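The values are calculated or read from the model by the stated rules, or taken from the named source; none is laboratory data. Predicted model only: the values in this text are computed from it and were never measured. Positions of Cβ are generated from backbone atoms using ideal geometry, with glycine treated the same way; all protein chains shown enter the neighbour counts.
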């Protein structure tokens with residue numbers, strides 16, 4: 001980030017996000033509304049934002065939940081159905097993990113309230129996701145006692161299949177979690193198709209199963225690069241969206257956001273009110289105290305870059321990803337499994353499906369300072385071993401070309417490693433009766449006599465640093 005932003009963060013490092021009275025400037029950053037001042041007619045997106053007058057004092061106390069400036073900017077970015085004088089519903093979090101926990105709790109509470117009103121059991125909630133979800137979804141399911149129903153992956157399809165996901169929905173499903181930017185491959189799931197299929201099932205069954213979009217990676221990509229893609233609050237069943245500020249929100253680690261479609265989608269009983277810090281304060285977070293620096297940094301980036309600035313950054317990232325993709329394809333060694341539309345990353349695997357080579361290549365690249373993880377995909381695609389390169393805003397063309405150069409060296413080293421042949425030794429043995437009886441009466445072990453030992457001759461060609469040697473092993 002820029003030095004000016006670093007300075008702002010250091011000046012705010014001792015400011016507590018939770019204390020609205022003691023740090024009113026930080027509170028104001030949480031508590032005013034924003035509106036788009038000019039709109040791009042093609043993208044139907046705000047190109048810059050301007051500050052509206054402070055909202056009335058009687059609603060000012062709701063700043064932590066609904067009236068955060070950043071929340072309102074993000075809500076407009078995600079096409080939330082809020083008017084210019086209305087504050088969006090949302091909250092800043094430590095990261096997308098906390099954001100997902102809060103969204104999941106809201107879904108669970110709304111489902112339980114509806115089941116109670118209908119006089120039906122409410123003790124077996126479940127969530128439908130793809131097997132490619134990030135571990136925070138597994139944490140939510142385990143911590144808050146919700147069954148996680150996973151749609152398995154398959155060859156050539158490494159995200160959640162909307163058709164299979166809707167088939168798994170039942171009356172106990174609190175939501176279907178879709179991913180805009182899979183952690184494993186960067187691919188966007190087809191949320192529009194999911195919305196259509198789920199709408200049909202809801203009408204047929206009388207259920208009201210909603211959708212949550214985990215846009216941790218793609219939430220700050222899609223609005224700028226794919227404005228026509230319908231994945232957000234334009235889809236009626238999408239009730240909440242989380243996004244990470246410390247991924248493509250261009251802020252240091254430790255900031256995330258969760259936005260609700262409407263205030264009614266956030267049950268009031270989940271919001272706690274306290275007054276021991278001064279004024280009455282509502283709070284809906286898993287923790288209480290935390291620093292204000294990341295929130296100030298997010299606000300700085302929104303003002304500093306604006307819509308066009310973010311769009312240019314994301315375009316640059318995608319251009320670097322394109323260079324990587326082409327360079328990897330030109331080696332002739334890899335299959336690219338990531339899609340061109342998605343998060344700016346390249347996920348690839350060896351054409352010969354050699355699992356060991358992927359891990360060896362990852363290890364070799366570390367010698368050049370590149371941390372390129374190698375990992376197996378989830379069920380039912382465990383046979384696939386993938387390497388992944390994620391492109392960030394500081395990863396430009398020079399770094400991309402340097403990486404490709406180091407990759408070619410690492411591949412050459414793998415090809416040049418001498419594989420020493422292992423000779424085959426054949427033994428002819430004979431078992432003979434033991435010469436004595438054990439004192440305790442136990443059966444004695446027989447004597448083993450080696451009658452013949454043969455070493456099978458081997459001839460093997462070994463490639464070593466480009467030269468060919470003949471190695472004959474006869475003994």
Does the stretch 180-202 contain any residue that is buried (at least 16 other Cβ atoms within 10 Å of the Cβ), under 20 Å from residue 106 (Cβ atoms) and within 14 Å of the chain's Cα centre (by Cα)?
yes
Go through the stretch 141-155 and report how many residues are under 20 Å from the mean Cα position of the chain (by Cα) and in contact (Cβ under 8 Å) with a residue 60 or more places away in the chain.
4
Can you name the residue in the stretch 349-367 that is in contact with a strand residue (DSSP E or B) (Cβ under 8 Å, 6 or more places away or on another chain) and in contact (Cβ under 8 Å) with a residue 40 or more places away in the chain and, of all such residues, is surrounded by the most Cβ atoms within 10 Å (Cβ to Cβ)?
361
Filtering the stretch 123-163 for residues that are surrounded by 16 or more Cβ atoms within 10 Å (Cβ to Cβ) and either out of contact with any strand residue (DSSP E or B) (no Cβ under 6 Å at 6 or more places or on another chain) or outside any loop (DSSP other than H, G, I, E, B) (or both) leaves a count of 19
Scan the strands (runs of 3 or more DSSP E) fully inside the stretch 375-471 and keep the ones with 1 or more residues being modelled with pLDDT of 85 or more, touching a helix residue (DSSP H, G or I) at 6+ places or on another chain (Cβ under 8 Å) and within 30 Å of residue 130 (Cα to Cα).
385-390
Being surrounded by 14 or more Cβ atoms within 10 Å (Cβ to Cβ), over 18 Å from the mean Cα position of the chain (by Cα), touching a residue at least 12 places away in the same chain (Cβ under 8 Å) and assigned to a loop (DSSP other than H, G, I, E, B) is true for just one of 229, 324. Which residue is that?
229
